[in-house]
Every structure is written in C-alpha cells, then in structure tokens.
C-alpha cells in the first residue's frame, strides 16, 4: 500500500541499511509505458544480462494490479489499495521476494503475447504471479484472487470471495496468508503476526485512507486537497489511526511546496497544521514509518538552508519500512536537492521497483537526467510519467523544458499550455515557458510581451518550492537579458537548498560565470 505499513521487519537493520542505496548498481529495472521495463541498470535494453536469464527463485512473486470490475470507475481506489496492501503484507515475509508489476507493461504483454503470464514472469524474473479482480456492488465486494506458476502459466491457488466491503481489512489478510503459505509453506509465528497487523480497526476510516492514497498519487491541486480531506476524515473516525494523521501532515507540506493554498487557509496556517499533525503522529506512535516521512518533509521548511534533520528522519522512516515508496521518493528528492544525484537515482529507482506506476518518481528521474544535460533520456522518463497520469501538471512543465533543450518549441508550447489548462501550474511558470518557445521560433516580440506580463504579476514571489520556480529568470536569460534574469534570481527567497538546485538548470549556463550568479549559488549552497 502507498505509504508504508509502520512497524516493519526491518527495524533491526537500522538507518545504516538505507545508506546502501548509494551503492546499488543491480536494482531491478523500472516500469515504462514502452514495455514492462524501461532499461537495465547499465542502460541496455531488457532482459538484464545474467539475472534475467537465470532461473527465478522459487519464493519470488510479482503482484499484478487487480482489475476494477465495479460499475463505478471511482472504485478504482479499492482495487489499487487491495493490490498494494497484499504486496506490502507479502513483503513483510522475509522468505518471499516480492515485486509489483507495472499496470501498463502488463497490459501491453496481454495484448502482444498469447500466454502473457509466462512472459511477465520471464521479464520480471519471478516464479509466481498474483492477479485478480474486484467488483463492488453496494455494501459488498466480490474479489477473485489467483496465484500463477510462471513456468507453466497454470494456477497454483485461487479463490473467489464475496464479502461485506467493511471486511476488506480481514480479506486482505486472508488473501495474503493463502498466497504466502502457497509460496513459502508453513508460516512461523512472527510471519503470521506480520500478516495480520492492521493500521486501524475501523473499516470506514480505512476506506477514507485508501481514497487519500488514490488522490495523493495524482499530484494535482484538486487531488491534494481531496487527499487532505480523506486523511482527516479517516483520523476523525479513528483518532488512533497514526498513518492517516501523518499522511495529512505530509500532504499539507506537499501543498506548500507546490504553492497550493487551501481556500481560506494562509501559508503560515498550513505549515502550522503540518507541524501539529506530524508531532501528533510521532507522539502517538513513533514506530510508524509515515510519521517519520512527515517529520522529514515538514522539517525541510524549518531548516531550508541546511535541510538538517531531513535525511535523518527519512532514514528512520525507511528503517521502519524499507518498502515505503513515498518515503523512498522523498528520500531521493532531498538527496537530489543536496546534489547527491547518484544516491537520489538509486532511491527513486528503488521506489519504482516497489510501485512501478508512480508518476512523481518517473518524473523525478526525468529531472535528474535534465540537470545532467541528458535531454532525450529526460523526455523518455517524463513521457512515462505522463502516460501513467495525463493530469500530472508538473510533468508537463518539466517536459516542456526538456523539449526546449531538444529544439522542439512546438512540443514545449503544447506542454506549457496543457499545464496551464490543468490549473495546477502557476501562470507565471507556464507563461515563462511559452515565452521561451516564442523566442526559439524567432518571435521575440511576442516572447517579450508575454514575459513582461509575467514579471508584472511577480512582484511578490512565493518561497522557492520546486526547481521550476526559477523559470521566469530562465526565460529572461534565454531572451538575452541576463541582467534582468539575475535581478529576478536575487529577489528569490529563501536562499537555500532548493534554490541552489534550481540554479543548476542548463538555461543559466550563459550567465554561470558571472560573479553575481556565482555569489548567489554560494549563498544558497546547502551547508
């Protein structure tokens, strides 16, 4: 499940185990819309060398997303939540090697291969697959679950369940237990305990939590607002639901990063709520991974220059649950902001191993490639993120930058306009990209007129939250007005880690040797 399960088998491994992420060079390949996998760690196409050719371990399993067969497509959050919870519970059994398959990759293999189950097993290097479907009808759900042997394509175990929707937690436990027993045999007492652990005993609170996860994954302005509503509704129904409380605090912080204020709630009030919810979650149960995820993220607003305490809190989150994809995503994000690109890529890749269809993580890998001046690679990652989530505004902003660097102003214009149409993008950011596209086509008159409107509306700059916040300055430099670009950058606050990372953008290469720019870089550099 998105968000980490809290108390984890890995707690004894300690934070040091997470440092190994920087050394990972043999991670499983990650999902892409072009196929089941994007590329191997060495950059070659899959299958990945000897690992793919070797016989899969008998205790390995890939969990495919359950099909949502409900008449109401809005019930997709139930099917996704069931899938992710089963994968998470199986991952708590040390003897079982768990992977989660990309929804889009499996769909393509279904269409292209007669026995797609065998093909998926071969591509992912696993002996078993879990697949199934969920159909909701009023207060009841009908779930079909199957365990497939990928060597033969035959079913090893299967069951159909017709239960009350309120029994979803118990149903997840039962399915995970049956699958674990079919793969690993008799379970030890500690393993059985791991399978039956519940984040809440309130079915209604749990359903709100699943909805919150679903909306959080969208990373849209409406999605984050709905996610906060759902998490707070879950916590209202069960005040002891620590994961829901922590998630609410985290999403308040995420909204601050994107610059999305809730109606009637100023920035300071949002930060205060984020801090209060995070503190409440940690005081209630400090063994919950999401509580430390929230602490790390909110701390970044308190320590913007040094990010002191951020990595340590995320280390703790991942020590408690190494399979928390959101914690891995944020771990990678802050490592990237600190300039530790290799470690950031390892963390993001690991996040995709666990949850392949994460648009924000696919996009993050695109950002890393962009700042490394590998623009074609950047566009491929961003294409993948937008294929998974066509409503992901940030992916369009980022891909527009890559397209400009590739000499594709028409594509960049289309992306910037889409970001503006989705309503998530600050108009100054989208219009700055449009001005850059105008300039690239030779229409400098339109570009300057558009940019003058951007600058007129930018008298009060919000705090730097993302690398794209520097786009108005990038547009000025692109138009040949480095002086105005420098003045814009000098007004940005805080001069801290996120601004330092934004200044790495290739658009600033023209003024990078200017002593004033270098001074700005040094004043923002993380200490």
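Assorted remarks:
- Test for residue 475: is it more than 28 Å from residue 260 (Cα to Cα), out of contact with any strand residue (DSSP E or B) (no Cβ under 8 Å at 6 or more places or on another chain) and buried (at least 18 other Cβ atoms within 10 Å of the Cβ): no
- Each residue in the range 318-328 was checked for being surrounded by fewer than 24 Cβ atoms within 10 Å (Cβ to Cβ) and either assigned to a loop (DSSP other than H, G, I, E, B) or without any contact (Cβ under 8 Å) to a residue 60 or more places away in the chain (or both), and 1 pass.
- Residue that is surrounded by the most Cβ atoms within 10 Å (Cβ to Cβ), among those in the range 492-527 that are in contact (Cβ under 8 Å) with a residue 60 or more places away in the chain and outside any helix (DSSP H, G or I): 496
- Those residues of the range 230-264 which are touching a helix residue (DSSP H, G or I) at 6+ places or on another chain (Cβ under 9 Å) and at positive phi, in sequence order: 259
- Only listed residue being farther than 28 Å from residue 100 by Cα, touching a residue at least 60 places away in the same chain (Cβ under 8 Å) and surrounded by fewer than 23 Cβ atoms within 10 Å (Cβ to Cβ), chosen from 259, 309, 264: 259
- Any hit, the range 118-139, residues being within 16 Å of residue 79 (Cβ to Cβ) and either surrounded by fewer than 16 Cβ atoms within 10 Å (Cβ to Cβ) or free of Cβ contacts under 8 Å to residues at least 40 places away in the same chain (or both): yes
Residue-wise test of (1) within 21 Å of the chain's Cα centre (by Cα); (2) in a loop (DSSP other than H, G, I, E, B); (3) outside the structural domain of residue 466 (by TED's automatic domain parsing); (4) closer than 23 Å to residue 313 by Cα.
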residue: 190; (1), (2), (3), (4): no, no, yes, no
residue: 210; (1), (2), (3), (4): yes, no, yes, no
residue: 214; (1), (2), (3), (4): yes, no, yes, no
residue: 226; (1), (2), (3), (4): yes, no, yes, no
residue: 240; (1), (2), (3), (4): no, yes, yes, yes
residue: 245; (1), (2), (3), (4): yes, no, yes, yes
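- Within the range 435-458, one or more residues are in a loop (DSSP other than H, G, I, E, B), more than 18 Å from residue 257 (Cβ to Cβ) and at pLDDT below 95.
- Set 477, 521: member being more than 21 Å from residue 403 (Cβ to Cβ) and modelled with pLDDT of 95 or more: 521
- Filtered residues of the range 355-372 (kept if part of a helix (DSSP H, G or I) and surrounded by fewer than 24 Cβ atoms within 10 Å (Cβ to Cβ)): 359, 368, 369, 371
- Any chance residue 68 is assigned by TED's automatic domain parsing to the domain that holds residue 153, more than 15 Å from residue 133 (Cα to Cα), in contact with a helix residue (DSSP H, G or I) (Cβ under 7 Å, 6 or more places away or on another chain) and at pLDDT 90 or above: no
- Conditions (1) buried (at least 22 other Cβ atoms within 10 Å of the Cβ); (2) farther than 19 Å from residue 499 by Cα; (3) at pLDDT 95 or above: number failed by residue 333: (2)
- Filter pass, residue 131 being closer than 23 Å to residue 196 by Cα, in the same structural domain as residue 192 (by TED's automatic domain parsing), out of contact with any strand residue (DSSP E or B) (no Cβ under 8 Å at 6 or more places or on another chain) and at pLDDT 95 or above: no
- Scan of the range 63-79 for residues that are in contact with a strand residue (DSSP E or B) (Cβ under 7 Å, 6 or more places away or on another chain) and assigned to a helix (DSSP H, G or I), ordered by number: 75, 76, 78, 79
- Lone unmet requirement of (1) at pLDDT 95 or above; (2) touching a helix residue (DSSP H, G or I) at 6+ places or on another chain (Cβ under 7 Å); (3) not assigned by TED's automatic domain parsing to the domain that holds residue 469 for residue 352: (1)
- Within the range 122-152, the set of residues being closer than 23 Å to residue 69 by Cα and assigned to a loop (DSSP other than H, G, I, E, B) comprises 138, 139.
Here is a yes/no grid of residues against (1) out of contact with any strand residue (DSSP E or B) (no Cβ under 6 Å at 6 or more places or on another chain); (2) crowded, with 19+ Cβ neighbours inside 10 Å; (3) modelled with pLDDT of 90 or more; (4) not in a helix (DSSP H, G or I):
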position: 1; (1), (2), (3), (4): yes, yes, no, yes
position: 17; (1), (2), (3), (4): yes, no, no, no
position: 27; (1), (2), (3), (4): yes, no, no, yes
position: 30; (1), (2), (3), (4): yes, yes, no, yes
position: 55; (1), (2), (3), (4): yes, no, no, yes
position: 81; (1), (2), (3), (4): yes, yes, yes, no
position: 90; (1), (2), (3), (4): no, yes, yes, no
position: 107; (1), (2), (3), (4): yes, no, no, no
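- Check on residue 385, in contact with a helix residue (DSSP H, G or I) (Cβ under 7 Å, 6 or more places away or on another chain) and either part of a helix (DSSP H, G or I) or not assigned by TED's automatic domain parsing to the domain that holds residue 507 (or both): yes
The values are calculated or read from the model by the stated rules, or taken from the named source; none is laboratory data. Since we're looking at a predicted model, the values are computed, not measured. Heads up, the Cβs are rebuilt from the backbone with ideal geometry, glycines too, and the neighbour counts pull from every protein chain shown.
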